[in-house]
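Notes follow once the structure below has been shown.
Quick note: the coordinates plus some simple rules give every number you see, no bench work behind them. Being a predicted model, the structure only gives us computed values, none of them experimental. Here Cβ is always computed from backbone atoms with ideal geometry, including for glycine, and neighbour counts include all displayed protein chains.
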Amino acid sequence: MNNHSAAPNQKRPFWTIARKDAAAGFLFIAPQTLGIITFVLIPLGLVFYYSMHEWNVLANTFTFVGDANYQMLLRDPNLPPVLLASAIFSAGLVVLNLSLALLLAVLLDQKLKGIVVFRTLFFSPVVVSLVAWTIVWSFLLQANGGINGILAVFGIEGPNWLRTPTTAMISVVVVQVFKNVGLNMILFLAALQGVPKELYEAARVDGASPFKQFRRITLPMISPTILLTSIITIVGSLQVFAQIAILTKGGPGVSTTVLVYYLYQQAFQFNFFGYGSTLSILLFLIVAVLTFIQWQMRKRIVFYEN
């Protein structure tokens with residue numbers, strides 16, 4: 001009797017199996033959580049704090065100005081053309097990159113001899129240094145560069161690609177597309193190889209044309225990858241800097257001055273760190289809104305969300 005009555009009063013051990021599992025889980029996510037806090041949340045808070053101040057490095061002053069930088073943002077005459085250039089660049093990059101990547105993936109998905117060589121060839125620009133890639137293209141796109149030299153062989157007089165507003169924007173978009181199209185191509189290729197072959201066989205038995213098979217089977221089945229690549233490409237297009245800095249420096253005029261390069265000019269060339277921080281907040285909001293909109297569109301794009 002005494003042994004049975006004492007059993008309910010025994011104290012439960014602190015390290016139960018559930019608590020051990022929870023502690024192991026927290027330990028696994030601790031590095032990621034610490035990284036997000038250190039490199040995302042704290043810098044984001046500091047950027048907002050700096051946007052409420054004006055920091056003059058030369059005069060060594062740090063003055064609270066309230067919402068003055070945000071009022072300047074609304075009155076900035078250069079901001080509309082900068083946002084327009086950013087929109088044109090992003091739209092051109094996304095359309096060309098995703099279209100070309102999908103086309104290459106479909107072509108390279110064919111079981112042909114030597115196709116691995118072409119896959120490597122198209123992917124190789126992704127691993128090339130961005131600065132080196134852009135410098136080479138800056139020489140090719142000069143008035144007396146390699147592109148115009150090739151056109152001259154066919155009797156065509158090419159323009160100075162980087163000194164005309166329209167051709168300058170086209171040039172930076174094309175250079176960026178050629179640099180990164182291989183990454184999306186590999187993602188699309190992996191998605192295409194995951195589509196069940198039985199679906200195509202059933203479609204052929206029903207008399208579906210290759211185009212209808214692509215539209216009715218291929219596109220819906222790779223829709224998760226389309227969503228992923230579109231988000232990655234749009235976010236990347238809004239963060240482009242090195243290509244603009246090396247190829248055009250935002251010119252001619254402000255025709256290729258995208259938001260990140262304009263931010264750099266205000267903060268590090270003109271020493272308006274407070275206003276540069278305000279532009280950073282604007283960039284963050286644009287990226288967040290676009291990502292949220294795309295994520296909500298998954299219900300219409302991704303086949304298993306319908």
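Kindly flag which residue pairs out of Lys212/Lys299; Lys113/Lys212; Lys179/Lys249; Lys20/Lys299 have an alpha-carbon separation exceeding 30 Å in this structure.
Long pairs (Cα-Cα over 30 Å): Lys20/Lys299.
Normalised by the number of residues in the stretch 104-206, what is the relative contact order in percent for Cα pairs under 8 Å and 6+ residues apart?
Worked out over the stretch 104-206, it gives 36 percent.
Suppose the chain between Phe64 and Ala190 were pulled fully straight at 0.36 nm per residue; how much longer would it get relative to their current alpha carbon spacing?
Additional length available on full extension: 40.2 nm.
Pairs of Cα atoms under 8 Å, at least six residues apart: use those to get the relative contact order of the chain, whole percent.
RCO, the chain: 27 percent.
Quick one: putting +1 on the C-beta of Lys and Arg, -1 on the C-beta of Asp and Glu, what dipole do you get for the chain around its Cα centre, in Debye to the nearest 20? Each step should come with its number before you reach the end.
Numbers: 19 positive and 10 negative charges, 178 e Å.
So the dipole magnitude of the chain works out to roughly 860 debye.
Hey, got a sec? Which GluC sites (Glu not before Pro) in the stretch 120-224 land in a DSSP loop and have at most 12 other Cβ atoms within 10 Å?
Glu157
If you stretched the chain out fully between Asn78 and Glu201, how much longer would it get, using 0.36 nm times the residue separation minus the C-alpha to C-alpha distance?
The Asn78-Glu201 span can extend by a further 38.6 nm.
Add +1 for every Lys or Arg and -1 for every Asp or Glu among the other residues with Cβ under 13 Å from the Cβ of Val126, and state the total.
Taking every Cβ under 13 Å from that of Val126, the sum is +2.
Could you work out how far the C-alpha centroid of the stretch 205-270 sits from that of the stretch 135-175, in angstrom?
21
What is the list of residues in the stretch 74-92 whose amide nitrogen lies under 17 Å from a point 7 angstrom out from the Cα of Phe270, following Cα to Cβ?
Of the residues in the stretch 74-92, 74-86 have backbone N under 17 Å from the label point off Phe270.
Mind ordering 121-128, 164-171 by average Cβ neighbours within 10 Å, highest first?
164-171, 121-128
Mind pulling up the Rg/Rh value for the chain? Radius of gyration and Kirkwood radius, both on Cα.
On the way: Rg = 26.7 Å, Rh = 23.7 Å.
Rg/Rh: 1.13.
7 Å from Cα along Cα→Cβ at both Leu27 and Phe139: what's the point-to-point distance in nm?
5.4
What does the charge dipole of the stretch 5-106 about its Cα centre add up to, to the nearest 20 debye, if the Cβ of each Lys and Arg holds +1 and the Cβ of each Asp and Glu holds -1?
So the dipole magnitude of the stretch 5-106 works out to roughly 700 debye.
Is the C-alpha gyration tensor of the stretch 1-112 telling us rounded, prolate or oblate? Criteria: a/c under 1.5 is rounded; beyond that, a/b larger than b/c is prolate, otherwise oblate.
Oblate, because a/c is 1.5 or more while a/b does not exceed b/c.
Could you tell me which of Gln32, Thr63, Trp161 has its Cα farthest along the dipole of the chain towards the positive end, charges placed at Cβ (Lys, Arg +1; Asp, Glu -1), taken about the Cα centre?
Gln32
What are the membrane-span-like helices in the chain by this rule: whole DSSP H runs, Cα extent along the axis at least 27 Å, mean Kyte-Doolittle hydropathy at least 0.5?
17-36, 79-108, 165-193, 273-296
Once Lys and Arg get +1 and Asp and Glu get -1 on their Cβ, which of Gln266, Tyr49, Val205 lies farthest toward the positive end of the dipole of the chain?
Val205
Rounded, prolate or oblate: which one fits the stretch 17-68, using the alpha carbon gyration tensor with axes a ≥ b ≥ c (rounded when a/c is under 1.5, else prolate when a/b beats b/c, else oblate)?
prolate
Taking 8 Å as the Cα distance limit and 6 or more residues as the minimum spacing, I'd like the relative contact order of the stretch 174-302 as a percentage. Before the final figure, lay out the partial values.
Values: 73 pairs, mean separation 29.6, N = 129.
Once normalised by length, the contact order is 23 percent.
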